[in-house]
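Peer 1: This is the structure, below, for whatever I ask next.
The values are calculated or read from the model by the stated rules, or taken from the named source; none is laboratory data. Predicted, not measured: the structure shown is a model, and the values here were computed from it. When we count neighbours, we look across all protein chains shown, and the Cβ atoms used for this are built from the backbone with ideal geometry, even at glycine.
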């Protein structure tokens, strides 16, 4: 019942693209302006650094060997007593876009959305606008705002197509597929991804690991609909090229393996691959990945009956998302904690956690977490009362699942409700729901 880091079918990003922009000429021009202004002020590089930065960093900026952030430029401008525009003119938008690209690559998705939208208010050539729209679409997918993402990605695809930029257009189509998944148009999304896979295997050069990213997204799509053997088959295709992935992306690959192993019942493999992925995420300093994978491992430990280890992992995951202020993810982790306490027989604590998860899910418009919380509340009510007490929660979960259009969510919520209805004697409706669940996958 958990959500994994945002990628094509979920926020995240372990398969987020690496941003590569050649801004050496711009960096050189800005560096020369910094040097000239410093010399005019009669200050040394050490004096400009002033304990916040190093002399070596200021030297690298002046020589155009490092790209300055807006924070660094603001600090240097203040030290030299000049407006920051002295360094940025005549290309401030280019540097602002670099900051926005860095925000996206760092997982600061709302900051990226705000930044791209501000940039798009100005006039740009078609190709530059297409790149900004593609970044905006990625950030919106990672924030689970698919309707806006579809619009941005669609325009980006059209602009790249008109410019004959096939490789950039492929990346825009990738994020269009992600948005289509999130709006429940799975068939369209999988069609885009399979077409991209054929194009890449036919010789289109995009990014070194683009084929792996497409396969991981196809695996995620299958997993979302409960087709875990299919997901594992896609992931097995990646095994031969996994060694070429960087640590961040290899961690995401292991994460997907762990999730699908657990869903197919191979808990030992889930724990093994999940632990390996967690180590890589920690080494990369990717806090979102660490918190998400700890939540996943908590569920795997719970599946083998190790309640204490599950509780510890879930608590660590919750602490990560509390510190990040990420209430959307916290809704999932709090529901995991509710499952742990229910398993331990601590029903009042479990109910409080599930209710908190539901509140967080409603606040962040997180349907998946809300459905999971309602299903857990139904189980808690059934354990402490009667099937009739659990029915209202199960009914709400099934109704919300149907509204999402997700076969996997519909199947699981219908099965829960069908079991409760059977216990209360409503066998005809229970049978109809089980049929619907089977039809859903």
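Peer 1: With in contact (Cβ under 8 Å) with a residue 40 or more places away in the chain and farther than 25 Å from residue 274 by Cβ as the only criterion, which of 338, 390, 394, 383 stands out?
Peer 2: 383
Peer 1: Same structure again: If you check residue 411 against the conditions, is it farther than 21 Å from residue 356 by Cα and more than 33 Å from the chain's Cα centre (by Cα)?
Peer 2: Considered against the rule, which asks whether it is farther than 21 Å from residue 356 by Cα and more than 33 Å from the chain's Cα centre (by Cα), residue 411 comes out as no.
Peer 1: Counting only residues that are out of contact with any helix residue (DSSP H, G or I) (no Cβ under 7 Å at 6 or more places or on another chain), in a helix (DSSP H, G or I) and under 23 Å from residue 189 (Cα atoms), how many does region 221-248 have?
Peer 2: Selection size over region 221-248: 3.
Peer 1: Let me spell it out: the conditions are (1) modelled with pLDDT of 85 or more; (2) more than 22 Å from residue 409 (Cα to Cα), and residue 178 meets all of them except one. Which number is the exception?
Peer 2: Residue 178 satisfies every listed condition except (2).
Peer 1: Looking only at region 324-359, which residues are over 18 Å from residue 298 (Cα atoms) and surrounded by 22 or more Cβ atoms within 10 Å (Cβ to Cβ)?
Peer 2: 358, the sole residue that qualifies.
Peer 1: Scanning region 370-387 for residues that are at pLDDT below 85 and either assigned to a helix (DSSP H, G or I) or touching a strand residue (DSSP E or B) at 6+ places or on another chain (Cβ under 8 Å) (or both), which turns out surrounded by the most Cβ atoms within 10 Å (Cβ to Cβ)?
Peer 2: For region 370-387, the residue satisfying everything is 387.
Peer 1: Sticking with this one: Given the conditions (1) surrounded by fewer than 19 Cβ atoms within 10 Å (Cβ to Cβ); (2) assigned to a helix (DSSP H, G or I), report the number of the one that residue 124 does not fulfil.
Peer 2: The single condition residue 124 does not satisfy is (2).
Peer 1: Step by step: first the residues of region 52-80, then only those that are outside any helix (DSSP H, G or I) and surrounded by 16 or more Cβ atoms within 10 Å (Cβ to Cβ), then the one that is modelled with the highest pLDDT. Which residue is that? Working first, answer last.
Peer 2: Step one: of region 52-80, the residues outside any helix (DSSP H, G or I) are 52-54, 63-69.
Right, trim to surrounded by 16 or more Cβ atoms within 10 Å (Cβ to Cβ) and you get 53, 64, 66-68.
Working: 53: 78, 64: 84, 66: 75, 67: 71, 68: 75.
So the residue we want is 64.
Peer 1: Taking the conditions exactly as written (under 30 Å from residue 325 (Cβ atoms) and not assigned by TED's automatic domain parsing to the domain that holds residue 181), does residue 86 satisfy them or not?
Peer 2: Answer is no for this residue.
Quick grid of which residues meet (1) free of Cβ contacts under 8 Å to residues at least 24 places away in the same chain; (2) part of a helix (DSSP H, G or I):
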site: 113; (1), (2): no, yes
site: 116; (1), (2): yes, yes
site: 119; (1), (2): no, yes
site: 136; (1), (2): no, yes
site: 139; (1), (2): no, yes
site: 159; (1), (2): no, yes
site: 204; (1), (2): no, no
site: 211; (1), (2): no, yes
site: 217; (1), (2): no, yes
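Peer 1: Residue check: is residue 152 part of a helix (DSSP H, G or I) and under 27 Å from residue 119 (Cβ atoms)?
Peer 2: Yes; evaluated as a whole, the condition is true for this residue.
Peer 1: Taking the condition part of a helix (DSSP H, G or I), in the same structural domain as residue 417 (by TED's automatic domain parsing), surrounded by 24 or more Cβ atoms within 10 Å (Cβ to Cβ) and over 20 Å from the mean Cα position of the chain (by Cα), does residue 394 pass? Outline the logic, then answer.
Peer 2: On the way: part of a helix (DSSP H, G or I): yes; in the same structural domain as residue 417 (by TED's automatic domain parsing): yes; surrounded by 24 or more Cβ atoms within 10 Å (Cβ to Cβ): yes; over 20 Å from the mean Cα position of the chain (by Cα): yes.
Answer is yes for this residue.
Peer 1: Confirm whether residue 305 is in a loop (DSSP other than H, G, I, E, B) and either without any contact (Cβ under 8 Å) to a residue 40 or more places away in the chain or crowded, with 17+ Cβ neighbours inside 10 Å (or both).
Peer 2: yes
Peer 1: Have a look at 127, 131, 108 and point out the one that is modelled with pLDDT under 80 and either outside the structural domain of residue 281 (by TED's automatic domain parsing) or in contact with a helix residue (DSSP H, G or I) (Cβ under 7 Å, 6 or more places away or on another chain) (or both).
Peer 2: So the residue among 127, 131, 108 that is modelled with pLDDT under 80 and either outside the structural domain of residue 281 (by TED's automatic domain parsing) or in contact with a helix residue (DSSP H, G or I) (Cβ under 7 Å, 6 or more places away or on another chain) (or both) is 108.
Peer 1: Also, I was wondering about something else. Quick check, is residue 194 in a loop (DSSP other than H, G, I, E, B), at pLDDT 85 or above and surrounded by fewer than 18 Cβ atoms within 10 Å (Cβ to Cβ)?
Peer 2: no
Peer 1: Something else about it: Residue 352 passes all but one of (1) over 26 Å from residue 418 (Cβ atoms); (2) assigned to a helix (DSSP H, G or I); (3) under 24 Å from the mean Cα position of the chain (by Cα); which number fails?
Peer 2: Result: residue 352 fails condition (3) only.
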